[in-house]
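The values are calculated or read from the model by the stated rules, or taken from the named source; none is laboratory data. Remember, it's a predicted structure, so these values are computed and weren't measured experimentally. Methodologically, a virtual Cβ is constructed for each residue, glycine included, from the backbone with ideal geometry; neighbour enumeration extends over all protein chains shown. Protein only, heavy atoms only, side chains kept; ligands, DNA and RNA dropped before computing areas. Shrake-Rupley method; radii C 1.70, N 1.55, O 1.52, S 1.80 Å.
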Amino acid sequence: MLSSVILTLFGLTVLTFLIGRVMPVDPVIAAVGDNAPEDVIIRARAEMGLDQPLPIQFLHYLNQLAHGDFGMSVLTKNPVATDIARFFPATFELATAALLLSIVIGIPLGVWAAVRQGSITDQAIRVLCLAGHSVPVFMLSMISLLIFYSALGIAPGPGRQDIIYDGMIEPVTGLLSIDTLIAGDLDAFWDALTHMAQPVIILAYFSMAYIARMTRAFMIDALKGEYVITARAKGLTGLKVVWSHAFPTVAVQLITVIALTYAGLLEGAVVTETVFAWPGIGQYLTTSLMNADMNPVVGSTLLIGFIYVGLNLLADILYRLLDPRVQ
Amino acid sequence: MNAAFRTWALSEAPSSRRQAAWGNRYRAWLNLKGNPLGMIGLTIISIFILMAIFAPLLATHDPATQELANRLAAPNAAHWFGTDELGRDVFSRILYGARVTLGMVIAVVVLVAPIGLAVGCIAGYFGGIVDTALMRITDIFLAFPRLVLALAFVAALKPGIESAVLAIALTAWPPYARLARAETLTVRNSDFIAAYRLTGASSWRIIFRHIAPLCTPSLIVRVTLDMSSIIITAASLGFLGMGAQPPSPEWGAMIATAKRFIFEQWWVPMIPAIAILLVSLAFNFLGDALRDVLDPKGN
């Protein structure tokens, strides 16, 4: 298992390296300008290591990665690693809050649909979930801004905090909702929470749809088990049977689903962050894309890929630890 | 005619293979007809395809003609869905946009399905080192969220419809390869395959003439289920400015150029968004119903 994970990570690195090398703009010309004399171009090419054969360039790239060096961003003039360290907490905050919300809502909805299988409730939950798979994230984000920010005026606009709190909060964890609490500034905490509300609820809806659907499918199987019939025959009430007999058998499978959902949230965050001007890794990625700034693109893509693989591995390990049947 | 077909197809004792096959198809259709969500989906998809085919006949205006004196108009009798920031008729642009979206979806499927099928069947049939190597490559592509990988690919090529199609295709084939491999594994050791081998058929002949056709039906269901995700990825690329480029009436690109009017003329970006929502919802409804019909135990 570990060897296959390492191979996958290696493959990810090769893939992102190749993506970074086949770009339409020559990075040397981009650095020295169109009108640079021939000898300057040749010297710059040698300095950037781009006159070497591809495999040598790849080894060089690996060596850089091993030292945590993702190259420089042309746009921000910072090392990409520094930028990522600065932008990542915002995405982490968004995705984690969305995940927690979707677990709290999605699991009970899925269980409810399974218990009432075939009823109007079940159908309604099904449509709600299918809609969650079909609405583009950017559409919901725009509708939400239109209604709650523009028309009703009850939600704050795009961004992570109000301009008056800008630079007021000492970054400790990088998670604004926690940093404001550490600073003891309740007004700023409330401001951060209200700014999070819209993107978090929208992201949570998408993962909720997936979690609820999977919970329903697992629970329908679990409720058919003989131990459930036995528990009912012994006179236990319906709710007790569902939650303390059937649900625990499903919980282990749900861990895998939740890990996959978390990975999917990273994808949703790319679009949501663009609409809500949320200064996270997704916005960093798209802004760099627009400006053909390849190092940040490759760096953030690689990071997201590594997180994805890591989450899958984590789900696998937890599954093995928690389910006594898996050897 | 209908009644005759019905009794012929539903006959308890079909007299030919063809009759039995049509019987199965007819029963599946009856099942699908009994699923209201599935039928809603099928209807919307049919309308969408007809819109795309007959766009020049249905359009009330030329989709590219600008009417700058009449920009950002609200929906009215002359312009059913209003006009955009250059005074172009949004209704006609939606119709032509259906062509772009449908074209992209078809192009992706045509690229992806054969690749996935070939990789999966070859990996499953040969096993061993071939299987390991091909599946490792598949895992690498599966290790990225689809949109993020597509974005990186488009960045490496250049923004545009062709790059978007290629990027989505590159990210979409791995699940099909997985599926085809699983199907191949279930048939590869069966007697009829052994019989072909004994008659001297080459491995390639067995794979492409005998195994691949058996994997196709489940692949089709999977493609239908995947359709809405392809549409949303294409639209998201357009929205992020990495897919179809203006002045193309691709729906995602239309939203991208119109999103700055969301607070004043909300219908300009919202109408293409509703179009995307309807089509992708329709594919999800249909896919969900198809899964119920073709795999009763899956529900």
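Annotations for the structure displayed:
- A:Asp185-B:Phe263 FRET efficiency (beta carbon distance; Förster radius 51 Å; 0.05 resolution): 0.95
- Label point distance in nm, A:Glu47-A:Ala155, each placed 7 Å from Cα along Cα→Cβ: 4.8
- Relative contact order [Cα under 8 Å, 6+ residues apart], region A:80-322, whole percent: 31
- Residues losing 40 Å² or more accessible surface upon assembly, region A:121-156, compared with the chain by itself, 1.4 Å: A:Arg126, A:Leu130, A:Ser134, A:Pro136, A:Phe138, A:Met139, A:Met142, A:Leu146
- Here the dipole of chain A is about 1760 debye; that uses its Cα centre as origin and unit charges on the Cβ of Lys and Arg (positive) and Asp and Glu (negative).
- Label-point separation, B:Leu214 to B:Leu57 (7 Å along Cα→Cβ), nm: 4.4
- Region A:1-80: relative contact order in percent, alpha carbon pairs under 8 Å with at least 6 residues between: 17
- Rg/Rh for the protein assembly as shown, where both radii come from Cα atoms and Rh is the Kirkwood radius: 0.98
- The order of the peptides A:38-50, A:211-223 by mean Cβ neighbours within 10 Å, most packed first, is A:211-223, A:38-50.
- The C-alpha atoms of chain B define a longest principal axis, and helix B:161-187 lies at about 20 degrees to it.
- Comparing the full protein assembly with the isolated chain, the residues of region A:289-306 losing at least 20 square angstrom of accessible surface (1.4 Å probe) are A:Leu289, A:Met290, A:Met294, A:Thr301, A:Ile304.
- Hull shadow area, averaged, region B:99-293 [alpha-carbon convex hull, nm²]: 12.6
- Rg(Cα) / (2.2 N^0.38 Å) computed for region A:80-322, rounded to two decimals: 1.15
- For the protein assembly as shown, a crude dipole built from +1 on the beta carbon of Lys and Arg and -1 on the beta carbon of Asp and Glu, taken about the Cα centre, is about 2940 debye to the nearest 20.
- Rolling a 1.4 Å probe over the protein heavy atoms gives the protein assembly as shown an accessible area of 47 Å² per residue.
- All lysines inside 28 Å of A:Lys240 as judged from Cα atoms, apart from same-chain residues fewer than 8 positions distant: A:Lys224, B:Lys297
- A Förster distance of 25 Å, applied to the separation of the beta-carbon atoms of B:Ala69 and A:Leu146, puts the FRET efficiency at 0.40.
- Shielding by partners, peptide B:154-160 (average Cβ within 10 angstrom, other chains): 6
- Label sites at A:Asp221 and A:Ile105, each approximated as a point 7 angstrom past Cα along Cα to Cβ, lie 2.7 nm apart.
- Most fluctuating residue given options A:Met290, A:Met142, A:Met72, as computed from a GNM of chain A linking Cα atoms under 10 Å: A:Met290
- Relative contact order of region B:99-293, pairs being alpha-carbon contacts under 8 Å that are 6 or more residues apart, as %: 24
- Ordered from largest to smallest accessible area (heavy atoms of protein chains, 1.4 Å probe), the residues A:Arg160, B:Arg6 come out as B:Arg6, A:Arg160.
- Size of the A/B contact, given as accessible area buried on both chains, probe 1.4 Å, in Å²: 4000
- Expected 222 nm ellipticity per residue - DSSP helices of 4 or more, -39500 (n - 2.57), all of chain A, to 500: -24000 deg cm²/dmol
- Rounded Å value of the spacing that divides the Cα centres of region B:202-250 and region B:84-105: 22
- When B:Glu85, B:Glu183, B:Glu12 are compared by accessible area at a 1.4 angstrom probe, the order from most to least is B:Glu12, B:Glu183, B:Glu85.
- Rounded Å value of the spacing that divides the Cα centres of region A:271-327 and region A:234-263: 27
- Neighbouring Cβ atoms from other chains, within 10 Å of the Cβ of residues in B:232-243, number 4 on average.
- Compared with its chain on its own, region A:224-272 contains the following residues whose accessible area drops by 40 Å² or more in the full protein assembly (probe 1.4 Å; ligands, DNA and RNA excluded): A:Glu267, A:Val271.
- Carbon + sulfur, % of accessible area of the protein assembly as shown - ligands and nucleic acids excluded, 1.4 Å: 66
- Take each peptide in A:5-17, A:115-127, B:147-159, count the other Cβ atoms within 10 Å of every residue, and average; sorted highest first, the result is B:147-159, A:5-17, A:115-127.
- Sequence-distant lysines (8 or more away, or on other chains) whose Cα lies within less than 24 Å of B:Lys259: B:Lys158
- Modelled label reach - B:Ser203, point 7 Å along Cα→Cβ, region B:161-188 residues with backbone N closer than 15 Å: B:185, B:188
- Extension reserve of the B:Asn2-B:Asn189 stretch, reckoned as 0.36 nm per residue once the Cα distance is removed: 63.1 nm
- Selection from B:Trp204, B:Ile271, B:Leu134 lying farthest towards where the dipole of region B:99-293 points positive, charges on Cβ: B:Trp204
- Cα centroid of region A:74-132 to Cα centroid of region A:137-215, whole Å: 14
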